[in-house]
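**Student:** Handing you this structure, nothing more for now.
The values are calculated or read from the model by the stated rules, or taken from the named source; none is laboratory data. Computed from a prediction, not measured in an experiment: that's the story for all the values here. Please note that ligands, DNA and RNA were not included when accessible areas were found on the heavy atoms of the full protein model with its side chains. Shrake-Rupley method; radii C 1.70, N 1.55, O 1.52, S 1.80 Å.
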Amino acid sequence: MAHNNMYFDCLNTIKPVRDTLDVINGKWKLPIIISIGFGNSRFTDIQKSISGITPKVIAKELKELEQHKLISRTVIDDYPIRIIYGLEPYADTLMPIIYALKDWGINHRKKVTER
């Protein structure tokens, strides 16, 4: 009986973690969220702030983040037309995860580089 509980506890942990990773998975989604969070609201500003990312990838990732309701896309009907990206309030729920990943990354780098 205890073994079954451990199995279901494990499964009940893995499923939501997998769901989370399905949303933020990949090399670029979190950097894009971080970039927008630091005030880079235009496509070119996002691209400049993230080294190595291509315009095609940015466009794809922005679309997916918008579908997941993490960012908003606002078209400003001006000349020329401007498109502004912003974080949705829902993206704030990712901030503790992002800062935990940052802290872990700093500690991990120290761990693997210590002699």
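**Student:** In sequence order, what are the phi-derived ³J(HN,Hα) couplings for region 59-72 according to the Karplus relation 6.51 cos²θ - 1.76 cosθ + 1.60 with θ = phi - 60°, rounded to whole Hz, with x for glycine and proline?
**Tutor:** 4, 5, 5, 4, 4, 5, 5, 5, 4, 8, 6, 9, 10, 10
**Student:** Amide H of Glu88 versus every other amide H placed in the peptide plane: which residues, excluding those fewer than 5 positions away on the same chain, fall under 5 Å?
**Tutor:** Under 5 Å from the amide H of Glu88: Ile71, Ser72.
**Student:** Please give the solvent-accessible surface of Thr74 in Å², to the nearest 10, using a probe radius of 1.4 Å with every protein chain present.
**Tutor:** Approximately 70 Å² for this residue.
**Student:** Can you give the accessible area of Lys111, probe radius 1.4 Å, in Å² rounded to 10?
**Tutor:** In the full protein context, Lys111 sits at about 130 Å².
**Student:** Strictly over 31 Å apart at the Cα level, which of Lys48/Lys102; Lys48/Lys69; Lys15/Lys63; Lys63/Lys111 would you flag in this model? Display every interim value, and only then the final one.
**Tutor:** Details: Lys48/Lys102 21 Å; Lys48/Lys69 24 Å; Lys15/Lys63 24 Å; Lys63/Lys111 36 Å.
The pairs that break the limit, which is 31 Å between Cα atoms, are Lys63/Lys111.
**Student:** Given that just one value was derived from the coordinates, which of [x] 1.10; [y] 1.04; [z] 0.94 is Rg/Rh (Cα atoms, Kirkwood Rh)?
**Tutor:** Checked against the structure: label [x].
**Student:** Hey, what did region 12-108 get for relative contact order, percent, Cα under 8 Å, at least 6 apart? Intermediate results must be reported in sequence, preceding the final value.
**Tutor:** On the way: 77 pairs, mean separation 22.8, N = 97.
Over region 12-108, the number comes to 23 percent.
**Student:** Show me, for region 9-19, the HN-Hα J-couplings you get by feeding each phi into the Karplus relation (A = 6.51, B = -1.76, C = 1.60, θ = phi - 60°), rounded to Hz, glycine and proline as x.
**Tutor:** 4, 5, 4, 5, 8, 5, 4, x, 5, 4, 4
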